Structure formats: C-alpha cells, structure tokens
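The values are calculated or read from the model by the stated rules, or taken from the named source; none is laboratory data. The shown structure was predicted, so the numbers you read here are calculated from the model rather than taken from an experiment. In this analysis, Cβ positions are derived from the backbone assuming ideal geometry, glycine residues included, and neighbour counts consider all displayed protein chains.
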Amino acid sequence: MAIRFYNTLSHGLEDFLPVDPPKVYIYNCGPTVYDFAHIGNFRAFVFADLLRRFLEFAEHDVQQVMNITDVGHMTEDQLADGGGQDKMHVAVERVKTAKKSGKLPDNAVTDPSDPYQVARYYAGAFVDDAKLLGLKIADEAADHMPRATDHIPAMQDLIGKLIENDHAYLAADGAVYYSVQSFPDYGRLSGNTLERLRAGAGGRVQGEHQAVKRHPADFLLWKPDPHHLMKWDSPWGAGYPGWHIECSAMAMKLLGRSTIDIHTGGEDNIFPHHECEIAQSTAATGQPFARFWMHTRFLLVDGQKMSKSKGNFYTVREILAGKLTGSPVDPRVLRYELLKAHYRSNLNLSAKSIEESAIQVQRLRVTAGALRKKLAALDAPAAVEVDPAHPALAAFAEALSDDLNIGGALGVVFDWLGRHDREGPAQALAVIERLDSVLAVLDSDTEQGGEGDATAKCRAIDAARDAKDFETADRLRDELRDAGYVVLNTASGTVVERRLTSPS
Ligand code: AMP
Ligand code: ZN
C-alpha cells in the first residue's frame with residue numbers, strides 16, 4: 001500500500017517512505033502550558049494522534065515525541081524573534097489571581113509565584129485532557145513528552161554549534177541571534193524571501209531588536225536576562241532560550257537522529273516557528289531536518305475564527321462540560337468531532353456538528369455492544385484474528401493512505417456497519433475493534449461518574465431486569481437520566497447517550 005502525504009515543504013503530495021522503515025520518527029509541536037489547552041490546539045494534537053495510529057495500523061513502528069513548551073514563548077510569538085512579554089509571567093499573574101479568589105482546586109498550586117509549579121499544573125491538566133481524548137502519547141514514558149525546561153543543556157549545545165559555524169552571532173544587546181542570511185534556504189517552507197522579510201512581511205519581523213541585528217528576520221536563540229522568571233547559566237549570561245531552538249534540540253535529542261520523518265503543527269507554526277527550526281537544525285548538522293512537514297488548518301467555531309474577544313473560545317473542559325452544547329459531551333465524541341474533517345480543511349465546530357458526531361459514535365458503540373453480547377450468549381471467544389486484507393479494513397487503509405482522507409475512511413466504516421451482519425459476530429467484532437485502533441471512540445475510560453460508570457450501570461440494569469428486580473433497574477435508569485443521559489432499551493441491552501441539549 002503506497003502512502004502519500006501533502007508536504008508543506010514541497011507544496012504537493014509526495015510518496016511517504018520512511019528513512020529507516022519500519023520505524024517512523026515523528027515530532028509534534030505540543031502545547032504551551034501557560035493556560036488550559038483549547039479545542040483548536042487539540043485539533044492539531046488529535047490530528048497527530050490520528051497520523052500515528054494510522055501509521056501503526058499500516059504496520060509501522062512509530063517513535064513519537066510531542067514537546068511541552070514551558071519556557072521561551074513570548075506573547076508576540078508571531079514575530080520572527082518573539083517579543084512582548086514572557087507568557088509564563090502572564091500565567092503566574094493569572095494563577096495568583098485565581099488562587100486569591102479561591103478558583104483553583106486546593107493544593108493545585110501551593111505557591112502561585114513559582115513558575116515551575118504553574119507550568120506543572122497546566123502540563124498536568126494537558127495530559128489529563130489528552131488521555132480523555134485518547135492520545136496515545138499521553139500514556140507513554142515522560143521522555144516522549146519532554147518539557148523544554150528539562151533540556152536546556154541540549155539547546156545550549158546547539159546554540160554553541162551554530163555560533164561556532166557562523167550561523168549565529170552575539171549581538172550588541174548581549175543576545176544570541178541566528179543569522180538568516182547564512183542559510184540560503186531560509187523562507188523555503190513558508191514561501192518568504194529575505195527581501196520581503198526585510199521589507200517587513202506583513203509586520204512579522206518588526207521586533208524590538210532591529211538595531212542590533214544583521215537582518216530584521218534574524219531570530220533569538222538565547223536571551224540573557226537576570227530578571228527573567230525562569231533562567232539558566234550559559235556562556236552568554238544567565239537567561240533563557242528562544243522558543244524555536246527548543247523544538248530543534250528536543251526533536252533531534254529525543255528521536256536520536258538529525259533527520260526525522262515527519263514534523264507536525266498547526267498552520268500558524270509554519271512561519272516563523274518551523275521556518276526557524278529548519279534553519280537551525282540543518283545549519284547545525286548539515287543534514288535535512290524533517291522530510292515531511294504536515295500542518296493542520298484552523299478550527300472555526302460557528303463559522304468564525306475562535307478568539308477570546310468573540311467569546312467563542314473554548315477549552316476542552318468547557319466543551320466536555322457542555323458550554324457549547326448545553327449538556328455534557330463524551331470526550332471521545334469530541335475526539336471524533338475533531339478528527340472527522342480533513343486536516344487540511346477548516347473544521348467548523350458547532351453544537352449541531354457535535355450532535356451528529358455523538359450519533360455516529362453511538363452507532364459504533366451500539367454495534368460493538370450488540371456483537372459482544374451475542375458472543376457472550378454463544379459462549380464464543382470474543383477475540384479472533386482478522387485478515388488485514390478484509391475488504392473493509394483494506395478500503396479504510398487505502399483511504400487514509402491518501403493524505404489521511406478521513407472522510408473516505410469514515411464512509412467505508414459506516415458502509416460496512418450497515419451490512420456487518422453478513423459476517424459472523426466474532427469476525428465483525430474483530431473488524432470494528434481494528435478500525436477503532438485508529439478511531440479510538442468505542443471506549444471512554446473516564447473516571448468515576450463518567451462514561452465508564454454509565455456503561456457499568458447499563459450492565460447492572462440488564463442484570464437487574466434479567467433477575468426481574470425492576471425496582472433496582474428503574475432506580476439505576478433514573479440515576480442515569482439525572483446524570484444527563486438518555487437511556488435506551490435496545491435489542492442488545494441498555495445503552496446510554498449523552499443528552500446534548502438541556503431538558504426543557
Ligand atoms: P500553542 O499552545 O499556542 O503553541 O499551540 C499548540 C498547537 O496548536 C500548535 O501546533 C498550534 O499551531 C495549534 N493551534 C493553535 N490554535 C489552533 C486552532 N484554532 N486550530 C488548529 N490548531 C491550532
Ligand atoms: Zn515547536
């Protein structure tokens with residue numbers, strides 16, 4: 001099966017052949033942990049997980065690293081060399097205020113003026129959200145989700161190398177900058193030229209340090225600042241690294257190679273972040289950095305760009321709690337919602353669209369539940385091997401191998417679902433579970449009070465009914481209704497759906 005992906009670097013579809021098959025080395029730009037991640041961020045992360053799961057489905061051995069940015073990000077990060085205020089400073093002030101007004105959970109952050117505690121708090125919240133949404137990376141060893149603050153020496157080594165080979169210089173303001181003129185390919189990813197960037201390129205290079213730089217697009221590698229909240233000793237004075245250098249350093253260090261297969265991020269990462277990553281990494285090693293650059297388009301809410309000022313800005317927690325829909329949303333329904341549109345088209349999130357996702361997810365769950373029940377009644381083993389050449393699995397893989405054509409792949413899933421009863425239940429269940437190794441929507445392993453708890457109650461209702469204990473069955477049904485579920489009596493037993501609009 002030939003796999004092809006759209007490569008931002010070549011602006012076209014290319015056959016995907018890993019450097020060292022069956023291994024595939026992937027680096028994803030991860031969250032900045034100065035606040036709770038929003039659903040736009042999670043579109044990029046769910047895409048990264050879909051890519052990984054598909055490559056595993058296609059029998060690749062994926063090595064994935066997603067960083068956690070806890071230093072280096074500035075409020076004006078759209079500028080080539082960053083600028084504005086340290087985002088961690090903003091976070092510390094916000095957490096201090098939240099703590100004072102009792103809005104933080106007890107013990108979440110004991111000392112809100114400690115930036116490390118604040119970063120740890122938001123990083124923990126991110127990992128919790130990522131687990132709820134079924135991101136495999138969140139269950140892996142910590143070195144697959146490296147924190148920038150744990151890898152400062154690797155960044156300093158890289159900066160040292162760049163100074164040594166004249167790709168970086170110490171400027172009159174004491175900071176270390178990358179010299180874009182030293183790298184002829186600068187601009188290739190984003191389609192910028194040094195002339196356009198010199199002319200200002202839409203305000204993207206008008207930072208605060210123009211007077212000391214050799215070219216306006218030169219970007220920061222190390223900033224000495226004795227007053228910075230987080231700072232480290234260095235040959236260039238105590239200070240902190242630029243945002244771009246951290247991803248180059250962690251990608252090469254933790255994936256253990258100069259050339260990786262795929263680097264991902266949202267479309268806003270193309271310039272300056274990824275352009276700068278390519279320049280630094282390639283100049284330091286003399287090798288190409290990432291062979292494929294894949295970028296997700298933005299998520300829209302009700303047709304509009306999500307922004308705080310429009311009031312259509314949602315965190316994962318807010319969506320799950322029902323802020324957009326009026327009642328709680330199952331985390332895997334949100335996952336399905338975030339992955340169901342092609343990654344290179346805008347995804348338009350709305351209550352109606354989430355409701356449609358809930359119905360699709362429910363169809364898959366009801367079918368899997370019915371098959372499991374049938375197999376249990378037959379006393380048949382629940383797991384069988386399924387031939388990867390099975391027509392539904394082969395067609396699903398073929399759709400995804402065409403630049404992750406998720407629409408085509410979901411079409412295959414629901415076509416097959418409509419006629420799955422032509423197959424034996426054991427094989428049908430095996431097919432559905434194999435498809436779910438990529439979709440990851442069948443089970444929602446939320447903690448107590450969540451979906452797992454509701455499923456357990458459904459089974460208890462069925463058992464009570466079988467034992468003719470209708471009083472218990474009715475009590476459990478009422479408890480589920482009170483918790484926001486619609487309780488359905490189906491041929492395969494009791495199932496629940498999240499009620500998506502408030503009961504009026
Ligand atoms: P940040 O935490 O701001 O560095 O963003 C983390 C990731 O989310 C980056 O890869 C961004 O490109 C991506 N991202 C940010 N906003 C959106 C959005 N509205 N839709 C899709 N991806 C986004
Ligand atoms: Zn990055």
Report summary line: Reported set for region 284-324 where residues are of a type in the set (Phe, Trp, Tyr) and within 15 Å of ligand 1 (Cβ to nearest atom) is 293, 298, 313, 314
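For the structure I just gave you, tell me whether residue 282 is among the β-branched types (Val, Ile, Thr) and in the same structural domain as residue 41 (by TED's automatic domain parsing).
Numbers: among the β-branched types (Val, Ile, Thr): yes; in the same structural domain as residue 41 (by TED's automatic domain parsing): yes.
When the stated conditions are applied, residue 282 passes them.
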Query - Exclusive hit being buried (at least 16 other Cβ atoms within 10 Å of the Cβ), part of a helix (DSSP H, G or I), at pLDDT below 90 and touching a Ser or Thr at 6+ places or on another chain (Cβ under 7 Å), set 461, 432 - result: 461
Requested in this report: Quick one: count up the residues across region 42-55 that are within 16 Å of ligand 2 (Cβ to nearest atom) and either surrounded by fewer than 22 Cβ atoms within 10 Å (Cβ to Cβ) or among the hydroxyl-bearing types (Ser, Thr, Tyr) (or both).
Outcome: 0
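For region 27-36, name all the residues that are closer than 23 Å to residue 114 by Cα and buried (at least 22 other Cβ atoms within 10 Å of the Cβ). Can you show your working first?
Taking region 27-36 first, the residues closer than 23 Å to residue 114 by Cα are 30-36.
Passing the criteria: 30, 31, 32, 33, 34.
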Report task. Only residues that are assigned to a helix (DSSP H, G or I) and either at positive phi or among the basic types (Lys, Arg) (or both): list them for region 1-50, please. Result -> 43
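For residue 76, are the conditions met, namely being in a loop (DSSP other than H, G, I, E, B) and closer than 30 Å to residue 17 by Cβ? Reasoning before the result, please.
On the way: in a loop (DSSP other than H, G, I, E, B): yes; closer than 30 Å to residue 17 by Cβ: no.
No: the conditions fail for residue 76.
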Query raised in the report: Tell me, which strands (runs of 3 or more DSSP E) lie completely within region 200-306 with 2 or more residues that are within 30 Å of residue 347 (Cα to Cα) and out of contact with any Asp or Glu (no Cβ under 6 Å at 6 or more places or on another chain)?
Result: 260-266, 290-296, 299-301
Query - Tally, over region 258-293, of residues that are surrounded by fewer than 24 Cβ atoms within 10 Å (Cβ to Cβ) and away from ligand 2 (no atom under 13 Å from the Cβ) - result: 11
Query raised in the report: Looking at residue 281, is it touching a helix residue (DSSP H, G or I) at 6+ places or on another chain (Cβ under 7 Å), within 16 Å of ligand 1 (Cβ to nearest atom), among the hydroxyl-bearing types (Ser, Thr, Tyr) and closer than 19 Å to residue 7 by Cα?
Result: no
Query raised in the report: Residues of region 51-61 being of a type in the set (Asp, Glu) and either at negative phi or in a helix (DSSP H, G or I) (or both), which ones?
Result: 56, 61
Report summary line: Checked pairs for region 285-312, first on the phi > 0 side of the Ramachandran plot, second modelled with pLDDT of 90 or more, C-beta under 6 Å and 6 or more apart or across chains, list as 302/350; 303/348
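Kindly provide the set of residues from region 409-431 that are in contact (Cβ under 8 Å) with a residue 40 or more places away in the chain and of a type in the set (Gly, Ala, Ser), ordered by number.
Initial filter on region 409-431 (in contact (Cβ under 8 Å) with a residue 40 or more places away in the chain): 410, 413-414, 417, 420, 425-431.
Selection gives 426, 428, 430.
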Requested in this report: Could you please let me know if residue 64 is crowded, with 22+ Cβ neighbours inside 10 Å and not in a helix (DSSP H, G or I)?
Outcome: yes
Requested in this report: Kindly check whether there is at least one residue in region 313-330 that is part of a helix (DSSP H, G or I) and farther than 25 Å from residue 31 by Cβ.
Outcome: no
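What residue, of 70, 81, is crowded, with 24+ Cβ neighbours inside 10 Å and more than 16 Å from ligand 1 (Cβ to nearest atom)?
Working: 70 fails: more than 16 Å from ligand 1 (Cβ to nearest atom).
Being crowded, with 24+ Cβ neighbours inside 10 Å and more than 16 Å from ligand 1 (Cβ to nearest atom) holds for just one of 70, 81, which is 81.
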Report task. Specify the residue that is farthest from ligand 1 (Cβ to nearest atom); the eligible residues are those in region 250-265 that are in contact with a Pro (Cβ under 8 Å, 6 or more places away or on another chain) and of a type in the set (A, V, I, L, M). Result -> 254
